[in-house]
Amino acid sequence: MNNIKFDDDTKKQLIEIASKNQIYLEGNIVKLIDSDGDKEFGNYLNVSSENDKNNRRKRLEVTKQIQLQNKQLIEAQQENEKLMYDLKVALEQTKNAKDMVEQDLDILQKKIQTELIGTIVKIALWVIIGVGLITSGLYLTVLIMGTDAKVIESTWSNLFGILLTNSFSIIGTIMGVKYATENKN
């Protein structure tokens, strides 16, 4: 191994720079420099070597800290990506569940509406038939008894007209509501 030797001027300049500015030589080059028996320059080389070791140790610690932080950031990023994927899946599942519930609700509403319409129509028809039968029975009774039927006859005629009009009105209204609420898809 070849040792590097400096002249006395260079040694003094290096020592002076170190004392004024705290700047020393660094790196493996320090190991190759020969103090050539100069104790003051030998001290300078020892301090330079120690400073270099300390600086390398500090840089190594910073490098390790940065590597650890990078590793933590990568892990956090992977966790975030996993959470985002899970969130997207959950959102899609929620949307699908919402669509299914809306469809079920729509079907249930239509079923209830159809049952209600059926019940209304049945009751209206029974009322119309009942009133028609009662009125016809009264009219028939008046005819059989042989009493004057002029008032009952016009009442019976008007009542049947009203019942017929109301029955068509009820059925038309129900059919209109049913048609209006159907899905036009």
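The values are calculated or read from the model by the stated rules, or taken from the named source; none is laboratory data. The structure displayed is predicted, hence computed values, not measured ones. Virtual Cβ from ideal backbone geometry, glycine too; neighbours counted across all protein chains shown.
Taking ILE144 and the conditions (1) out of contact with any Ser or Thr (no Cβ under 9 Å at 6 or more places or on another chain); (2) without any contact (Cβ under 8 Å) to a residue 24 or more places away in the chain; (3) surrounded by 11 or more Cβ atoms within 10 Å (Cβ to Cβ); (4) not acidic (Asp, Glu), which numbered condition does it fall short on, given that it satisfies the others? Here ILE144 clears every test but (3). Once region 17-32 is narrowed to residues that are part of a helix (DSSP H, G or I) and within 18 Å of ILE4 (Cα to Cα), the residue that is farthest from the chain's Cα centre (by Cα) is LEU32. Here is the figure for region 33-52: residues that are assigned to a helix (DSSP H, G or I) and loosely packed, with under 12 Cβ neighbours inside 10 Å total 2.
Scanning region 19-37 for residues that are closer than 14 Å to LYS53 by Cα and of a type in the set (S, T, N, Q) yields a count of 1. In the set GLN69, GLN65, only one residue is modelled with pLDDT of 95 or more and either under 30 Å from ALA18 (Cβ atoms) or over 60 Å from the mean Cα position of the chain (by Cα) (or both); that residue is GLN65.
Tell me yes or no: at least one residue of region 117-131 is touching a residue at least 24 places away in the same chain (Cβ under 8 Å) and small (Gly, Ala, Ser). Within region 117-131, one or more residues are touching a residue at least 24 places away in the same chain (Cβ under 8 Å) and small (Gly, Ala, Ser).
Residues in region 109-141 that are within 54 Å of the chain's Cα centre (by Cα), β-branched (Val, Ile, Thr) and loosely packed, with under 12 Cβ neighbours inside 10 Å were compared, and the one that is farthest from THR165 (Cα to Cα) is ILE112. Note on region 155-185: among residues that are among the small types (Gly, Ala, Ser) and at pLDDT 80 or above, the one that is farthest from the chain's Cα centre (by Cα) is GLY161.
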